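Written out below as structure tokens is the structure these notes cover.
The values are calculated or read from the model by the stated rules, or taken from the named source; none is laboratory data. Since the structure is predicted, the reported quantities are computational estimates derived from the model, not experimental observations. Counting neighbours? That spans all protein chains shown, and the Cβs are built from the backbone with ideal geometry, glycine included. The protein model used for the area step is the full one, side chains on, heavy atoms only, and it has no ligands, DNA or RNA in it. Shrake-Rupley method; radii C 1.70, N 1.55, O 1.52, S 1.80 Å.
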Amino acid sequence: MAKVTPILWTHKANADGHHPIWLRIADRHRTLYHSTGEYVAKRHWNPNARRVRQGHPVADDLNALIQDRLALAQAERVRLKRAGEPVTAEAVKAALVGASPDAAAGDYLAYADRRVAALRARGKIREHRRQKAVVAKLRAYVGGALPFDRITPAFLQDYETHLLGLGNKPSTANSNFRVLRTILYAAIREGHLAQEKNPFFQFTPVRPNRPDRAKLTAEQVRALEAVDLGGRGPTGPLLARVRDYFLFSFYAAGVRFTDVALMRRSNVVEVADDEGRSQLVVSYVMGKTGRPISVRVNPAGADLVRAYAEREAEGDDPFLFPLMDGRDVSTPEALVKSSGSRNVVVNKYLKKVAAAVEDQLDVAMPKKLTFHLARHAWADLARRAGRDVYDISRGMAHSGLNVTEYYLSKFEGDVVDAEI
């Protein structure tokens with residue numbers, strides 16, 4: 001089977017003394033090479049990691065380009081295997097050549113298909129499904145090939161009118177255009193379209209009126225903690241366990257559902273603070289971004305976690321919570337399917353939890369209590385309690401403070417005292 005390896009071709013240099021970054025494509029019979037079109041100085045190349053060193057001013061962009069090309073190669077290997085065709089160096093290189101700047105006169109939809117396939121090859125299954133659906137919708141509208149030079153501001157305006165005419169909400173149309181724009185910008189970076197012809201310079205998708213984010217008050221959180229659901233901990237009924245999962249997410253700075261469901265006992269550690277007191281820390285890799293994160297869980301959350309960490313479970317490192325016990329998580333696709341179905345069940349039971357709170361404690365709850373609301377609630381109450389935006393950003397593992405500031409701006413502007 002053909003193997004693709006990034007290399008710096010030190011036998012050749014340009015006028016600046018920089019060397020080309022190539023991909024070496026080798027099978028048992030032949031070794032071929034494919035140029036990425038990029039050059040770096042020898043001191044900026046890490047031959048062991050086979051990537052550009054961080055000292056280069058655009059290291060992240062260059063490494064992302066290399067990873068995109070590797071993902072395209074992987075997608076082609078998978079396609080060839082599924083089709084029962086030999087996975088040769090020639091076949092893999094042909095796919096890479098088709099995705100290179102030499103194919104600048106090509107089809108946006110064909111390019112988009114390769115980008116979407118690369119997402120799947122890199123294990124980004126949810127994003128793969130989302131972008132695949134958006135591209136399929138555009139293909140149905142076009143009815144054939146879509147040359148890059150056909151994508152003009154007028155074309156985008158007509159397509160927006162088409163989407164809204166189908167009954168898509170402005171928010172849905174806007175989300176579709178974000179995907180299409182992301183793909184187009186990647187094509188521009190790879191030379192398929194000149195930057196000055198970027199149609200998004202003159203076209204701005206409709207901006208939906210965003211309602212305030214749903215959230216919880218401190219009183220509602222306390223009501224969720226206090227409501228009697230027939231038990232607590234891993235031996236409690238499903239309704240009570242669902243409440244526990246939600247509260248854990250809140251206590252741990254808004255952990256997303258899939259990350260909660262896949263959390264292992266090894267992700268939980270006890271550490272000592274400066275005064276020697278034991279504190280519980282949850283360390284995990286966020287599934288959506290791939291970023292490592294460590295969160296110190298508050299005392300109420302720590303007691304909850306310890307109860308589940310002591311439950312009987314099979315395996316050397318079982319799941320912390322029984323959400324995925326017995327579920328197929330052997331492949332990225334199976335994992336997405338299993339976690340998605342469990343999320344549906346949990347959200348269904350959260351509605352019952354909210355109803356129990358209102359019946360027992362006479363505390364009004366949000367009309368739609370979903371698991372993701374734990375993330376909103378932690379961010380909003382942290383803001384109201386005067387927590388620094390940097391601390392909130394770190395807790396939520398956002399890519400930057402601007403993301404956190406935008407996120408928080410969607411909550412109401414009133415400020416009240418709240419403890420979290």
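Does A94 count as under 18 Å from E190 (Cβ atoms) and surrounded by fewer than 16 Cβ atoms within 10 Å (Cβ to Cβ)?
For A94, the condition - under 18 Å from E190 (Cβ atoms) and surrounded by fewer than 16 Cβ atoms within 10 Å (Cβ to Cβ) - is met.
For every residue, the table says whether it meets (1) more than 30 Å from T258 (Cβ to Cβ); (2) out of contact with any Gly (no Cβ under 9 Å at 6 or more places or on another chain); (3) at pLDDT 85 or above; (4) of a type outside the set (G, A, S).
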residue	(1), (2), (3), (4)
A83	yes, yes, no, no
D102	yes, no, no, yes
A117	no, yes, no, no
Q131	no, yes, yes, yes
V134	no, yes, yes, yes
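Report the residue count in segment 235-254 for those that are among the β-branched types (V, I, T) and either modelled with pLDDT under 90 or open to solvent by less than 60 Å² (accessible area, probe 1.4 Å) (or both).
Number of matching residues: 1.
Would you confirm whether or not segment 181-203 contains a residue that is open to solvent by 70 Å² or more (accessible area, probe 1.4 Å), more than 30 Å from T36 (Cα to Cα) and among the basic types (K, R)?
no
Quick check, is L369 over 21 Å from the mean Cα position of the chain (by Cα), at pLDDT 90 or above, surrounded by 16 or more Cβ atoms within 10 Å (Cβ to Cβ) and closer than 14 Å to R241 by Cα?
So L369 does not fit the description; no.
Could you check how many residues of segment 255-294 are out of contact with any strand residue (DSSP E or B) (no Cβ under 9 Å at 6 or more places or on another chain), of a type outside the set (K, R), at pLDDT below 85 and within 25 Å of P332 (Cα to Cα)?
Residues in segment 255-294 being out of contact with any strand residue (DSSP E or B) (no Cβ under 9 Å at 6 or more places or on another chain), of a type outside the set (K, R), at pLDDT below 85 and within 25 Å of P332 (Cα to Cα): 3 in total.
List the number of the failed condition for A364; all other conditions in (1) open to solvent by less than 30 Å² (accessible area, probe 1.4 Å); (2) part of a loop (DSSP other than H, G, I, E, B); (3) at pLDDT 85 or above; (4) small (G, A, S) hold.
(1)
With the checklist (1) closer than 16 Å to R265 by Cα; (2) open to solvent by 20 Å² or more (accessible area, probe 1.4 Å); (3) not in a helix (DSSP H, G or I) in hand, flag the one item R306 doesn't pass.
Every listed condition holds for R306 apart from (3).
Please verify whether H34 is open to solvent by 30 Å² or more (accessible area, probe 1.4 Å) and in contact (Cβ under 8 Å) with a residue 24 or more places away in the chain, treating the condition exactly as stated.
The answer is no for H34.
Out of (1) under 30 Å from G165 (Cα atoms); (2) charged (D, E, K, R); (3) modelled with pLDDT of 85 or more, what's the single condition that is false for E38?
Condition (1) is where E38 drops out.
Restricting attention to segment 146-197, which residues are among the small types (G, A, S), under 20 Å from L72 (Cβ atoms) and not in a helix (DSSP H, G or I)?
G191
What are the residues in segment 40-60 that are open to solvent by 70 Å² or more (accessible area, probe 1.4 Å) and either without any contact (Cβ under 8 Å) to a residue 24 or more places away in the chain or in contact with a Pro (Cβ under 9 Å, 6 or more places away or on another chain) (or both), if any?
R43, N48, R50, R51, R53, Q54, P57, D60
Given the conditions (1) touching a Ser or Thr at 6+ places or on another chain (Cβ under 6 Å); (2) farther than 26 Å from A379 by Cβ; (3) surrounded by 20 or more Cβ atoms within 10 Å (Cβ to Cβ), report the number of the one that D317 does not fulfil.
Of everything listed in (1) touching a Ser or Thr at 6+ places or on another chain (Cβ under 6 Å); (2) farther than 26 Å from A379 by Cβ; (3) surrounded by 20 or more Cβ atoms within 10 Å (Cβ to Cβ), D317 misses just condition (3).
So, in segment 367-384, exactly how many residues are assigned to a loop (DSSP other than H, G, I, E, B) and either out of contact with any Phe, Trp or Tyr (no Cβ under 6 Å at 6 or more places or on another chain) or over 25 Å from T258 (Cα atoms) (or both)?
5
Under 7 Å by Cβ, and 6 or more places apart or on different chains, what pairs join a residue from segment 196-210 that is within 16 Å of F155 (Cβ to Cβ) with one that is among the hydrophobic types (A, V, I, L, M, F, W, C) and open to solvent by less than 100 Å² (accessible area, probe 1.4 Å)?
N198/I188; P199/I151; P199/L156; F203/L156; P205/A173; P205/F177; V206/A173
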